[in-house]
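The values are calculated or read from the model by the stated rules, or taken from the named source; none is laboratory data. These numbers were taken from a predicted model, which means no experiment stands behind them. Don't worry about glycine lacking a Cβ; one is built from the backbone with ideal geometry, like all the others, and counts go over all protein chains shown. For accessibility, only protein heavy atoms count, side chains too; no ligands or nucleic acids. Shrake-Rupley method; radii C 1.70, N 1.55, O 1.52, S 1.80 Å.
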Amino acid sequence: MEQQQHQLQHFIHPNHQHPLLFNPDDRSGRHCWGCWEPVYGPSYSCKECNWYFHHQSCAELPLGLHHPLHPIHPLILFDPKTWAYFGEDKQFYKCELCKESCNEFRYEYTYRCSRCDFNLHITCASLAPTTMVEAEFHHHPLTPFWKWITFTCEICGKEDKDKGMPYMCQPCALWMHRSCASFPRSVKVVRHKHLLHLTHSSLEFHSSDSRFCQICVEKVDTHYGLYYCSRCDFAAHLLCAMKNKENINLQEFKDEDEVSEHDELVGSTTYEVKKFNVGKDGIQIAAELKHFSHEHDLKLTDEAMSNQKCNGCVRDISPPFYSCVKCSFFLHESCANLPKKKRHPLHQHPLTLFPKAPYREKDFWCDAQHPLTLFPKAPYRKKDFWCYACKRDGNGFHYSCEPCGFSLDIPCSLISDILTHPGHEHRLILSSIESEQNCSCCDSNTYPIFRCTTCAFAMDFKCATLPHTTRYGQHEHAFTLSYTAEDDSGEYYCDICEEERVPKHWFYYCVDCSYPAHPKCILEKYPNYKFGGAYTFDYHPHHPQCKQM
């Protein structure tokens with residue numbers, strides 16, 4: 001009898017193939033099959049399939065109910081996911097209360113009357129007309145108002161023009177959407193190390209304050225709800241915070257304003273010092289070291305070199321740098337000191353430093369290893385990576401999250417969410433939400449992008465990481481990145497491709513030769529590749545012993 005109380009035959013499992021077993025304290029964080037929220041606490045799931053996770057409350061829902069919004073017929077519980085697989089129209093299951101329909105990321109259990117095409121999400125249908133609801137972020141209980149009315153939600157600030165059924169707080173004379181009443185009191189977003197707390201009182205801000213969402217870099221109306229960190233003055237729109245929240249158990253934070261270990265920078269050294277030199281000021285300098293990216297020891301040098309690139313950031317090498325003369329392997333001192341692991345505001349997981357793209361051994365194997373030389377042709381794809389921020393392929397060092405397939409090249413990984421750039425007079429803030437605003441420096445439409453809160457200026461990662469000086473071919477002088485037209489002639493051309501330039505777009509310029517050029521012409525087709533180096537690959541397609549698995 002006791003065993004029966006801890007398992008449940010559920011309609012979601014075909015032909016009741018397996019029972020769902022009870023777990024009194026589930027910490028998996030898997031999405032609930034019923035409401036699509038993370039599961040923490042009492043749950044049911046199928047242990048045989050390792051699937052169908054449910055909150056206890058969602059698993060124990062009644063299969064049918066009578067609801068005051070549709071009193072003429074009973075409503076039957078069903079799962080829209082099973083219908084979506086057969087090509088049903090997602091709008092067909094639009095909830096009559098919250099007006100939301102299914103989408104590719106969320107399929108919530110629904111109570112449905114098929115005769116009337118009437119649908120209610122389980123979170124909407126569970127609200128009894130006399131039940132007072134406790135909102136996490138409000139100190140008074142909320143009363144459901146079961147009349148179709150037109151109102152302005154005082155949480156999101158949007159007017160419900162098509163009429164709706166709001167919640168109301170009588171002591172505060174507060175009206176809000178039912179969906180807004182379900183916002184959590186606190187969230188943890190990828191972009192910020194502290195918890196953000198929902199506030200909906202303009203008394204916490206001065207009327208003259210001009211606030212910007214730190215996620216989308218659009219204005220925030222402080223008269224309505226927003227997520228806010230008072231310690232850092234970090235504000236975010238409600239929906240922006242929810243779209244960028246981390247699915248973690250907030251109980252990990254002993255103090256809700258304490259920085260959890262979850263967000264601390266995870267760093268580790270990438271080299272072993274073999275020899276020290278003592279400078280004039282008495283400070284020890286690592287003159288020779290063994291770096292994890294190279295098989296030979298690297299020596300520090302201050303000699304200037306031309307036409308060589310750093311194997312780390314794939315930029316022109318400049319002193320001081322470490323080198324291996326045998327292999328033409330070079331590392332800027334700053335690249336040699338990169339941490340093995342770090343965090344970045346564009347990704348929720350720690351990123352690991354890789355000297356080359358991880359090789360998938362399951363794809364190919366070879367009984368013999370052969371040194372291959374990389375020629376300046378189409379790059380060998382198995383050793384490439386693709387940078388999420390600047391959208392370039394590369395073969396240098398990069399930070400990656402292997403489970404997610406997320407990668408950043410070194411220049412992009414060094415940029416935080418607030419940028420001060422010599423090409424613009426105001427501070428720029430990283431926006432990770434898609435928008436219609438193009439980059440002011442090259443007119444590309446991409447995201448993530450940096451935006452200015454003072455003017456209509458925007459800058460993408462590709463332009464933000466352009467080297468300030470670079471060399472081109474056999475040209476004797478260095479080119480400098482320029483942000484304004486070189487003269488007022490009205491005619492602007494690239495001296496490499498001889499095509500017209502847009503005067504407001506950035507370009508490279510040699511002052512000594514009055515030589516302007518497009519960035520793409522100066523940096524050429526593969527700016528993130530270092531060609532000509534020798535590598536040993538596990539796979540050599542022309543060797544008879546190499547086979548594809």
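In plain terms, the chain from SER114 to ASP302 could stretch by 59.9 nm, reckoned as 0.36 nm per residue minus the Cα-Cα distance. Rounded to a whole number, what % of the accessible area of segment 21-75 do carbon and sulfur atoms account for, probe 1.4 Å? That fraction is 58 percent.
For segment 263-318 versus segment 418-445, the spacing of their alpha-carbon centroids is 32 Å. Cross-link pairs exceeding 30 Å between alpha carbons, from the set LYS188/LYS356; LYS188/LYS391; LYS188/LYS219: LYS188/LYS356.
To put it simply, the accessible area of segment 421-492 at a 1.4 Å probe is 42 percent carbon and sulfur. With both labels modelled 7 Å from their Cα along Cα-to-Cβ, the SER482 to GLU499 distance reads 2.0 nm.
Here the Karplus relation 6.51 cos²θ - 1.76 cosθ + 1.60, evaluated at θ = phi - 60°, turns the backbone of segment 506-521 into coupling constants of 5, 8, 9, 9, 9, 5, 4, 10, 6, 10, x, 7, 4, x, 5, 7 Hz, with x for every Gly and Pro. When nucleic acids and ligands are ignored and a 1.4 Å probe is applied, GLU37 ends up with an accessible area of around 70 Å².
Model label points for SER334 and VAL511, set 7 angstrom from Cα along the Cα-to-Cβ axis, are 2.1 nm apart. Using a probe of 1.4 angstrom and keeping all protein chains present, the accessible surface of segment 428-497 works out to 49 square angstrom per residue. Note on TRP148: accessible area is roughly 120 Å² with a 1.4 Å probe, heavy atoms of protein only. Checked against a 23 Å cut-off, the cross-linked pairs LYS340/LYS525; LYS309/LYS504; LYS309/LYS525 give Cα-Cα distances beyond that limit for LYS340/LYS525; LYS309/LYS504.
Let's test the formula: R0 of 60 Å, r as the Cβ-Cβ distance of ASP79 and GLU218. What FRET efficiency results, to the nearest 0.05? After rounding to 0.05, the efficiency reads 0.95.
For LEU419 and HIS6, a Förster radius of 60 Å and the Cβ-Cβ distance give a FRET efficiency of 0.65, rounded to the nearest 0.05. Approximating the spin labels as points 7 Å out from Cα along Cα→Cβ, the ARG27-to-GLN474 distance works out to 6.7 nm.
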